[in-house]
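Following: one structure in structure tokens, then a few remarks.
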Amino acid sequence: MVDAQLDATWRKMIGFTGDPLDITPAEFVTAGHAWQAWRRGELDAGRCGLSAIKEHGAHWIAGNLRLDLAALNKVEMHPWDVWGAFLEPGSEPTEAQLDLFDAVAELTTDPNARFDELRRRYDDDDSLRMDGTVFNVFRNCVETVS
């Protein structure tokens, strides 16, 4: 993994001493791995998010799961674009939501191993596929995107 944003200033600010061109799984946890660790009780979801805007929690992980699934299907969205399945900040997820995001996490933690299934899930599940309309949290409005 590579993190192009880890320039010298940012590395100093966060105390990062690794190689930004060879990020290890210990240095960056994917949304799928974070979701699974949270579900096993091994990760406090409150540690996942963006502290600058005070956004963190299970909803943050779920949102990034949806973004990761879309990106793996060549649909790269902004982190503030919301569509389909999501968790409300501060709400308790339903069993159906937990099951959905458990399945997405399973597919995204090793996308090469189950790529065909990952593609089918994205194509066939209206709650996961970006249909051209998103709620842009940054602008606080619904937008049509291509």
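Each reported figure results from applying straightforward, stated rules to the coordinates on display, with no laboratory input. None of the values given here were measured: they were computed from a predicted structure. FYI the Cβ positions are ideal-geometry reconstructions off the backbone, even for glycines, and counts take in every protein chain you see.
Descriptive notes on the structure:
- Sparse-neighbour loop sites [trypsin sites (Lys or Arg not before Pro); the stretch 77-146; at most 12 other C-beta within 10 Å; DSSP]: 139
- Within the stretch 35-100, the GluC sites (Glu not before Pro) that combine a DSSP coil assignment with at most 12 other C-beta atoms in a 10 angstrom radius are 42, 76.
- Within-15-Å neighbourhood charge of residue 94 [Cβ basis; K, R +1; D, E -1]: -4
- J(HN,Hα) series, the stretch 109-122, from Karplus relation 6.51 cos²θ - 1.76 cosθ + 1.60, nearest Hz, glycine and proline x: 6, 9, x, 5, 5, 10, 4, 4, 5, 4, 5, 4, 4, 5
- Nitroxide proxy distance, nm - points 7 Å out along Cα→Cβ at residue 137 and residue 88: 1.5 nm
- Take the Cα of residue 71, step 7 Å toward its Cβ, do the same at residue 28, and the gap between the two points is 0.7 nm.
- Evaluated at q = 0.09, 0.14, 0.19, 0.22 Å⁻¹: base-10 log I(q)/I(0), Debye formula over Cα of the stretch 8-144: -0.28, -0.70, -1.23, -1.48
- Cα→Cβ-extended label distance, 7 Å offset, between residue 144 and residue 119, nm: 2.9 nm
- Efficiency of FRET between residue 50 and residue 126 - r from beta-carbon atoms, R0 30 angstrom, step 0.05: 0.60
- For 77, 13, order by how many other beta-carbon atoms lie within 10 Å, fewest first: 13, 77
- Nearest-20 debye value, the stretch 61-146 charge dipole, Cβ charges on Lys, Arg, Asp, Glu: 340 debye
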